[in-house]
1. Any idea which of (1) in a helix (DSSP H, G or I); (2) farther than 23 Å from Asp60 by Cβ; (3) in contact with a Lys or Arg (Cβ under 8 Å, 6 or more places away or on another chain) is the one Gln157 doesn't satisfy?
2. For the stretch 155-173, which residues satisfy the criterion of being surrounded by 19 or more Cβ atoms within 10 Å (Cβ to Cβ) and farther than 10 Å from Ile12 by Cα?
3. Go through (1) surrounded by 15 or more Cβ atoms within 10 Å (Cβ to Cβ); (2) farther than 15 Å from Val201 by Cβ for Gly137 and report which single condition fails.
4. Within the group Ile117, Ile150, which residue is surrounded by 15 or more Cβ atoms within 10 Å (Cβ to Cβ), aliphatic (A, V, I, L, M) and part of a loop (DSSP other than H, G, I, E, B)?
5. Of the residues Asp133, Asp118, only one is farther than 18 Å from Lys66 by Cα, out of contact with any Gly (no Cβ under 6 Å at 6 or more places or on another chain), modelled with pLDDT of 95 or more and of a type outside the set (Ser, Thr, Tyr); which?
6. Which ones in the stretch 1-48 are of a type in the set (S, T, N, Q) and touching a Lys or Arg at 6+ places or on another chain (Cβ under 6 Å)?
7. Filter the stretch 155-194 down to residues that are in contact (Cβ under 8 Å) with a residue 40 or more places away in the chain, out of contact with any helix residue (DSSP H, G or I) (no Cβ under 9 Å at 6 or more places or on another chain) and either of a type in the set (Gly, Ala, Ser) or within 27 Å of Gly137 (Cβ to Cβ) (or both), then give me how many there are.
8. If Lys40 meets every condition in (1) among the charged types (D, E, K, R); (2) surrounded by 18 or more Cβ atoms within 10 Å (Cβ to Cβ); (3) touching a residue at least 24 places away in the same chain (Cβ under 8 Å) apart from one, which number is that one?
Amino acid sequence: MATAIENEYKFIATGDLDAESLMHRLRTFLDGNGVRYREKTRHSTDEYFDTPEMFLYERDCSLRRKRSSNSKIKLTAKRPGSRCSGMMSRVETERSSDGSQKDLLSFAKKNYPDYVIDLEPVVLIDTDRFAIDYDDGSGIKLSLDRCTYISGERSCQFYEIEVESMDENLRTDFDDIGVLEFIENDLGFKRTVKSKYTRGVEWLSGLN
């Protein structure tokens with residue numbers, strides 16, 4: 001089980017967008033600024049769990065089981081850190097899983113020992129991720145996610161761009177080429193300090 005600080009800038013957009021066009025524009029920007037990087041793609045389904053009283057949501061925490069297209073399953077617990085300068089900083093604990101409910105409950109008990117987790121997911125997120133890893137040793141990752149919230153027969157699509165750095169401490173200084181401004185001003189994405197899970201619960205609340 002590994003724990004680290006996730007420092008992350010998040011941007012969201014909705015509407016009729018083209019992921020390949022967005023990726024082309026991001027590549028062009030990075031190439032123009034001399035950034036070396038590696039690309040990869042992944043499909044995943046994320047299940048978010050909570051207590052029946054939604055205590056994790058109320059405390060800005062989350063419990064996720066991710067099933068990826070590479071056949072790996074991971075469990076992740078996140079707790080709030082800082083929200084300085086429009087950035088989210090969270091304590092993230094993650095480990096591999098066999099995918100069973102028993103394993104989920106064991107992980108939840110270690111990370112949220114005061115709560116009883118409901119085994120029915122609150123919301124599912126189906127995601128196609130286009131990931132860019134900076135190849136300069138900085139550990140910076142940039143990703144474009146095409147996401148769909150799913151709850152029963154209801155769904156809602158959105159796009160999210162993340163610029164993140166995993167570290168042992170809070171970091172805000174990991175954009176020295178202006179990619180944040182490019183995403184906001186040129187691509188037209190809106191910055192947010194709300195997690196996918198928080199926004200998913202808000203989406204569900206709006207349906208009721």
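The values are calculated or read from the model by the stated rules, or taken from the named source; none is laboratory data. These numbers were taken from a predicted model, which means no experiment stands behind them. Methodologically, a virtual Cβ is constructed for each residue, glycine included, from the backbone with ideal geometry; neighbour enumeration extends over all protein chains shown.
1. Among (1) in a helix (DSSP H, G or I); (2) farther than 23 Å from Asp60 by Cβ; (3) in contact with a Lys or Arg (Cβ under 8 Å, 6 or more places away or on another chain), the lone unmet condition for Gln157 is (1).
2. Val163, Glu164, Ser165, listed by residue number.
3. Among (1) surrounded by 15 or more Cβ atoms within 10 Å (Cβ to Cβ); (2) farther than 15 Å from Val201 by Cβ, Gly137 violates only (1).
4. Sole residue among the options that is surrounded by 15 or more Cβ atoms within 10 Å (Cβ to Cβ), aliphatic (A, V, I, L, M) and part of a loop (DSSP other than H, G, I, E, B): Ile117.
5. Result of the check over Asp133, Asp118: Asp133.
6. If the condition is that a residue be of a type in the set (S, T, N, Q) and touching a Lys or Arg at 6+ places or on another chain (Cβ under 6 Å), then Asn7, Ser44, Thr45 are the ones that fit.
7. Final tally of qualifying residues: 11.
8. (2)
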